Amino acid sequence: PDRSNAGLRTGGVYVITGGLGGIGITVAEDLAWRCRAKVVLVSRGGLPPRVRWEEHLETHGSTDRVGRAIAAVRRIEEAGGEALVLAADVTDPEDLRRVRRETLAMFGAVHGVIHAAGVPGGGVAEVKERADAERVLAPKLRGTLALREAFGDLPLDVVLLCSSVTAVAGGFGQVDYCAANAF
């Protein structure tokens, strides 16, 4: 039997934090091609309303962050998937409960959560400001805990927490990013 989609439902509903970032959008597109998934792309900034997408592309092209995200959502839909883009703070349980409510209202279920949100680190620890380190730690630490609070009672098929090789290999000036991904 074909096990390439093991654990994934055809037409399944997957909430992806960091959904407009490189990892999140790549996973979303793969889910659309693989199983015509309905993906909820959660990001801090979201996207402009669909009625303004053409205007944005005419003005900015598809090379800026928003243009690339619009192009990715269109590829998801061309692959047979559906995409809902929601702006939310992944570290805020109440904001994630709103994402849950909107997802259930739109799609009627949540089958999986993929936590791909993250902020790159950088800088020597001795001179790094605490607030800068906390900004890097927050999406992985507080975000994971907020996701558990908002979605933990659902019978999910899959929960995927994305990390980095930096979690085990470290890297110069990456203490905050290493710790966030190790968590």
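Among the residues of region 140-148, is there at least one that is over 30 Å from Arg36 (Cα atoms), open to solvent by 70 Å² or more (accessible area, probe 1.4 Å), at pLDDT 80 or above and out of contact with any helix residue (DSSP H, G or I) (no Cβ under 6 Å at 6 or more places or on another chain)?
To start, the set of residues in region 140-148 that are over 30 Å from Arg36 (Cα atoms) comprises 141-142.
With the extra rule that they be open to solvent by 70 Å² or more (accessible area, probe 1.4 Å), the set shrinks to 142.
Narrowing further to those that are at pLDDT 80 or above: 142.
Subsequent filtering for residues that are out of contact with any helix residue (DSSP H, G or I) (no Cβ under 6 Å at 6 or more places or on another chain) retains 142.
The answer is yes, given that some residue of region 140-148 is over 30 Å from Arg36 (Cα atoms), open to solvent by 70 Å² or more (accessible area, probe 1.4 Å), at pLDDT 80 or above and out of contact with any helix residue (DSSP H, G or I) (no Cβ under 6 Å at 6 or more places or on another chain).
Just one of the numbered conditions (1) modelled with pLDDT under 80; (2) open to solvent by 80 Å² or more (accessible area, probe 1.4 Å) is not true of Gly171; which one?
The one condition Gly171 does not meet is (2).
Conditions first: (1) without any contact (Cβ under 8 Å) to a residue 40 or more places away in the chain; (2) of a type outside the set (D, E, K, R); (3) open to solvent by less than 30 Å² (accessible area, probe 1.4 Å); (4) more than 25 Å from Gly7 (Cβ to Cβ). Ala131 passes all but one, so which condition is the exception?
The one condition Ala131 does not meet is (3).
For Thr10, indicate whether it is in a loop (DSSP other than H, G, I, E, B), of a type in the set (S, T, N, Q) and either open to solvent by 80 Å² or more (accessible area, probe 1.4 Å) or on the phi > 0 side of the Ramachandran plot (or both).
yes
Here is a list: Glu58, Glu54, Glu78, Glu29. Which entry is over 27 Å from Pro155 (Cα atoms) and at pLDDT 95 or above? Walk me through it before giving the result.
Working: Glu58 fails: at pLDDT 95 or above; Glu54 fails: at pLDDT 95 or above; Glu29 fails: over 27 Å from Pro155 (Cα atoms).
Going through Glu58, Glu54, Glu78, Glu29 in turn, just one is over 27 Å from Pro155 (Cα atoms) and at pLDDT 95 or above: Glu78.
May I ask you to list the residues in region 37-47 that are surrounded by fewer than 18 Cβ atoms within 10 Å (Cβ to Cβ) and at pLDDT 90 or above? Let's see the steps before the verdict.
First, the residues of region 37-47 that are surrounded by fewer than 18 Cβ atoms within 10 Å (Cβ to Cβ): 44-46.
Answer for region 37-47, where residues must be surrounded by fewer than 18 Cβ atoms within 10 Å (Cβ to Cβ) and at pLDDT 90 or above: just Arg44.
Can you find a residue in region 31-43 that is without any contact (Cβ under 8 Å) to a residue 24 or more places away in the chain and either in contact with a helix residue (DSSP H, G or I) (Cβ under 6 Å, 6 or more places away or on another chain) or part of a loop (DSSP other than H, G, I, E, B) (or both)? Full working, then the answer.
We begin by selecting, within region 31-43, every residue without any contact (Cβ under 8 Å) to a residue 24 or more places away in the chain; these are none.
Within region 31-43 (the criterion being without any contact (Cβ under 8 Å) to a residue 24 or more places away in the chain and either in contact with a helix residue (DSSP H, G or I) (Cβ under 6 Å, 6 or more places away or on another chain) or part of a loop (DSSP other than H, G, I, E, B) (or both)), the answer is no, since none of the residues qualifies.
The values are calculated or read from the model by the stated rules, or taken from the named source; none is laboratory data. The structure displayed is predicted, hence computed values, not measured ones. Methodologically, a virtual Cβ is constructed for each residue, glycine included, from the backbone with ideal geometry; neighbour enumeration extends over all protein chains shown. When the accessible area is computed, the model is the full protein with side chains, heavy atoms only, and any ligands, DNA or RNA have been set aside. Shrake-Rupley method; radii C 1.70, N 1.55, O 1.52, S 1.80 Å.
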